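Single-structure report; data block below.
The values are calculated or read from the model by the stated rules, or taken from the named source; none is laboratory data. All of these numbers come straight from a predicted model, not from anything done at the bench. Cβ placement follows ideal geometry from the backbone for every residue including glycine, while neighbour counts extend to all protein chains displayed.
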């Protein structure tokens, strides 16, 4: 069981009852089971569910059938050759190591698997994290990921007491970079050779959003 959250920063309703609680924010409903939040209901069509072993088939099939679309920007695609590879990935996320783990959620649109969204390199001491995401090709252009990122931002600032959220996008990945721009992130610059793809490196655009700035919108 994860112990990553500082309960002093949770809303009183979640502090007092840790099982089956629904926390209503302005645009999202957060369902908190035990300590780790399990589901984010974005709207009537979009639902984020914490990744679990039973998702391995859908996740692998999505990657396998969208290789041409995903490969240019996601270095893990070529290393994902079987469902067992996806199961190993999920196992690494869910393993009980005693250390705080970054959360990963499956994205569902009208009950169909659409992609993944999650946190990366979360620093609880300095109250900052990074959001990463991907969608299969048929689910793009519907506003799914913009709404999903917005919901996760609301949760991170409102309930996890994060102060800074970062998003990195490969230079030239215009669909990905459109999301932080649309949500009011600040472009900080380019991280040169920020990510290795096969035998070469790509530059990454770095975007950030601060809690104080978000509250002024």
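Odds and ends about this structure:
- Among residues of the stretch 175-198 that are in contact (Cβ under 8 Å) with a residue 60 or more places away in the chain, those with a beta-carbon under 6 Å from a residue that is not in a strand (DSSP E or B) at least six positions away or on a different chain give the pairs 197/75.
- Filter pass, residue 107 being crowded, with 20+ Cβ neighbours inside 10 Å and in contact with a helix residue (DSSP H, G or I) (Cβ under 9 Å, 6 or more places away or on another chain): yes
- Among (1) outside any loop (DSSP other than H, G, I, E, B); (2) within 19 Å of residue 133 (Cβ to Cβ) - the single one residue 162 does not satisfy: (1)
- The stretch 167-217 - residue that is surrounded by fewer than 17 Cβ atoms within 10 Å (Cβ to Cβ), part of a loop (DSSP other than H, G, I, E, B) and in contact with a helix residue (DSSP H, G or I) (Cβ under 8 Å, 6 or more places away or on another chain) and, of those, modelled with the highest pLDDT: 184
- Of the strands (runs of 3 or more DSSP E) lying entirely inside the stretch 20-77, the ones with 3 or more residues being modelled with pLDDT of 95 or more and surrounded by 14 or more Cβ atoms within 10 Å (Cβ to Cβ) are found at 46-50.
- Residue match in the stretch 128-145 (condition: on the phi < 0 side of the Ramachandran plot, in contact (Cβ under 8 Å) with a residue 60 or more places away in the chain and out of contact with any helix residue (DSSP H, G or I) (no Cβ under 7 Å at 6 or more places or on another chain)): yes
- Residue 102, sole failed condition from (1) closer than 18 Å to residue 119 by Cβ; (2) out of contact with any helix residue (DSSP H, G or I) (no Cβ under 6 Å at 6 or more places or on another chain); (3) touching a residue at least 40 places away in the same chain (Cβ under 8 Å): (3)
- The single residue among 156, 152 that is closer than 30 Å to residue 45 by Cβ, part of a helix (DSSP H, G or I) and in contact (Cβ under 8 Å) with a residue 60 or more places away in the chain turns out to be 152.
- Taking the criterion of being touching a strand residue (DSSP E or B) at 6+ places or on another chain (Cβ under 8 Å), in a helix (DSSP H, G or I), modelled with pLDDT of 95 or more and farther than 18 Å from residue 70 by Cα, no residue of the stretch 84-141 qualifies.
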